[in-house]
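S.K.: Below: one structure in structure tokens.
The values are calculated or read from the model by the stated rules, or taken from the named source; none is laboratory data. Everything quoted here is computed from the prediction, not taken from an experiment. Heads up, the Cβs are rebuilt from the backbone with ideal geometry, glycines too, and the neighbour counts pull from every protein chain shown.
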Amino acid sequence: LVTFADLETFRAAMLWIMGSFSGATWESVTMVAVWVLPALTVLTAFARPLNLLSVGEQSAFHLGVDVRQLKIFLYVGTSFLVGVCVAGSGAIGFVGLVVPHALRLVGGSDHRWLLPACAMTGGGFLVFADTVARTVLTPAELPVGVVTALLGVPVFLWLLVRSEESL
């Protein structure tokens, strides 16, 4: 598909593949928000069962959580959210790995605050990364996915080393 595209379509496709907000319009933001906000609200309503599940599947089961049904719902819901977000911006890595782990270090793992905090902090991190992507090589623009990888890899490696040391 990209092989037969004109130059502008090729450029837009490559930016989308590497993750970029350069093609974002208010219409595309609205289309993503219409799906993401209700889905995020529904997932946040499952904070209590998620808290119980984080203690362990057996404990959650004995406390009344249908673990199998919850996991299926979460897989489907999370896949839907990721699909909508990737359709809107392309693949932007490390945000979903780094932000939740960093927030857990700061405020614990209570999903009642963690899920909305991840959405807000992840969005803020992306705004910061997009600002860096647009200004660091002015007038050229880096894909935001490159910036998130450059910022996210060292943090993720630090988190990985830190977790191995605690074993």
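S.K.: Hey, can you tell me all the residues within the stretch 22-79 that are under 30 Å from VAL144 (Cα atoms) and of a type in the set (Asp, Glu)?
M.R.: GLU27
S.K.: Would you kindly identify the helices (runs of 4 or more DSSP H) lying entirely within the stretch 1-80 that contain at least 1 residues that are closer than 18 Å to GLY96 by Cβ and not basic (Lys, Arg)? So that I can check it myself, show each step before the final result.
M.R.: Values: elements: 7-18, 26-44, 47-55, 57-62.
Passing ranges, in order: 7-18, 26-44, 47-55.
S.K.: So which residues in the stretch 18-28 are at pLDDT below 90 and farther than 16 Å from VAL82 by Cβ, if there are any at all? Explain how you work it out, then say what you get.
M.R.: First pass over the stretch 18-28, keeping only residues at pLDDT below 90: 18-25, 28.
Correct list: MET18, SER20, PHE21, SER22, GLY23, ALA24, THR25, SER28.
S.K.: Kindly check whether there is at least one residue in the stretch 109-123 that is part of a loop (DSSP other than H, G, I, E, B) and farther than 22 Å from GLU27 by Cα. I'd like the intermediate steps shown before the answer.
M.R.: Residues of the stretch 109-123 part of a loop (DSSP other than H, G, I, E, B): 109-110.
Filter once more, keeping what is farther than 22 Å from GLU27 by Cα: 109-110.
Among the residues of the stretch 109-123, at least one is part of a loop (DSSP other than H, G, I, E, B) and farther than 22 Å from GLU27 by Cα, which makes the answer yes.
S.K.: Follow-up. Scan the stretch 110-139 for residues that are surrounded by fewer than 15 Cβ atoms within 10 Å (Cβ to Cβ) and either assigned by the TED database to the domain that holds LEU43 or among the small types (Gly, Ala, Ser) (or both) and jot them down.
M.R.: Once the filter is applied, which keeps residues that are surrounded by fewer than 15 Cβ atoms within 10 Å (Cβ to Cβ) and either assigned by the TED database to the domain that holds LEU43 or among the small types (Gly, Ala, Ser) (or both), the stretch 110-139 yields GLY123, GLY124.
S.K.: Would you call LEU159 at pLDDT below 95, of a type outside the set (Lys, Arg) and in contact with a Lys or Arg (Cβ under 9 Å, 6 or more places away or on another chain)? Give the derivation first.
M.R.: Numbers: at pLDDT below 95: yes; of a type outside the set (Lys, Arg): yes; in contact with a Lys or Arg (Cβ under 9 Å, 6 or more places away or on another chain): no.
When the stated conditions are applied, LEU159 does not pass them.
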